[in-house]
Amino acid sequence: MVQDDGRAGIDAALVKRLVKAQFPQWSDLPVSPVKIDGWDNRTYRLGDSLTARLPTAAAYAPAVDKEDEWLPLLAPHLPVAVPEPVGKGVPGEGYAFNWSVRRWLDGETADVDRIPDLTGFAVSVAEFIRALQRCDPVGGPVAAAHSFYRGAPPVHYDDETRRALTALEGHVDTEAAAVVWDAALSSTWDGPMTWFHGDIAQGNLLVDKTGHLTAVIDFGTSGVGDPACDLVIAWTMFSGASRDAFRSTVDQDAGTWARARGWALWKALIVLAGVIDTDAGNAAMNRRVIDEVLADHATAG
């Protein structure tokens, strides 16, 4: 049984009250927390075929309206399933934000040990990104605070990155990391406005029992702008043949890869700086990403 921790004041009892008040047709459905949940939102199953998704803070609330508006328009053009909104909830029962009811998507999160053919999986992820980039961006949400500046120039996080580099002096090769970060900042996106997901990561990719990609979830940081942020998975999940296959299939230019290395480095640096003395496992994972990014930059010349 999954424990319901009541994070951000959200628990199954609240969801049950909200559903009863706003969607009485589903009020008899059992409510239970999902096995693996995100930070920005809490998700609960409603019976066997629906979920309720509730933002945990005001900063995450704009994603509800964005996803409910745009996911139905993007879905027909994408090669795998994405969340399908079927009802929009509003504040009530002491809860302050809009929330959403979606159809349940079958699948497990894309842990490497569930994927026998990681190279084939990398190709599928790249094909999804390319399909998303081909979607019509007209009228789409331009990268800004709603996307936490994914899709915008990474310079938005320059101060944060510099602070992390200072904090990690002597723990990682901060000189090489600064070179990679500067290369990211010196590159600009000169292409057309393009749809990006904003958080292409293992936890947002679902696979079936054979390890094939079946769905992409959590479009809360999506928008239109620079697609470089969607390449970060090249270092966080892929390596060797799988990274080569991803790189070849996603087919982005050298400048986009430079900015992508910046996005990957920023996140790994700030997380490492925060956990280096408290969480050895998380620290090791982010050290590995930093090392992979630095090596990739050196190879790229």
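Would you mind listing the helices (runs of 4 or more DSSP H) fully within region 189-301 where at least 1 residues are modelled with pLDDT under 95 and either of a type in the set (S, T, N, Q) or on the phi > 0 side of the Ramachandran plot (or both)? Full working, then the answer.
Working: elements: 233-236, 240-250, 254-275, 280-300.
The qualifying helices (runs of 4 or more DSSP H) are 280-300.
Among the residues of region 235-250, which ones are farther than 21 Å from V82 by Cα and crowded, with 20+ Cβ neighbours inside 10 Å? Listed by number, the residues that qualify are W235, F238, S242, A245. Tell me, please, whether a residue that is in contact (Cβ under 8 Å) with a residue 40 or more places away in the chain, more than 19 Å from the chain's Cα centre (by Cα) and assigned by TED's automatic domain parsing to the domain that holds T236 can be found in region 140-162. Within region 140-162, one or more residues are in contact (Cβ under 8 Å) with a residue 40 or more places away in the chain, more than 19 Å from the chain's Cα centre (by Cα) and assigned by TED's automatic domain parsing to the domain that holds T236. In region 75-86, which residues are under 14 Å from R102 (Cβ atoms), in contact with a helix residue (DSSP H, G or I) (Cβ under 7 Å, 6 or more places away or on another chain) and in contact (Cβ under 8 Å) with a residue 24 or more places away in the chain? The answer is V82, P83.
Among the residues of region 97-131, those identified as of a type outside the set (S, T, Y), in contact with a Pro (Cβ under 8 Å, 6 or more places away or on another chain) and not in a loop (DSSP other than H, G, I, E, B) are W99, V101, R102, R103, E127, F128, I129, A131. Entry remark, region 5-25: residues being under 21 Å from D65 (Cα atoms) and in contact with a Leu (Cβ under 9 Å, 6 or more places away or on another chain) number 7 in total.
The values are calculated or read from the model by the stated rules, or taken from the named source; none is laboratory data. Note that the structure is a prediction, hence the values are computed from the model and not measured. Cβ sites come from the backbone with ideal geometry, for glycine too, and all protein chains shown count toward neighbours.
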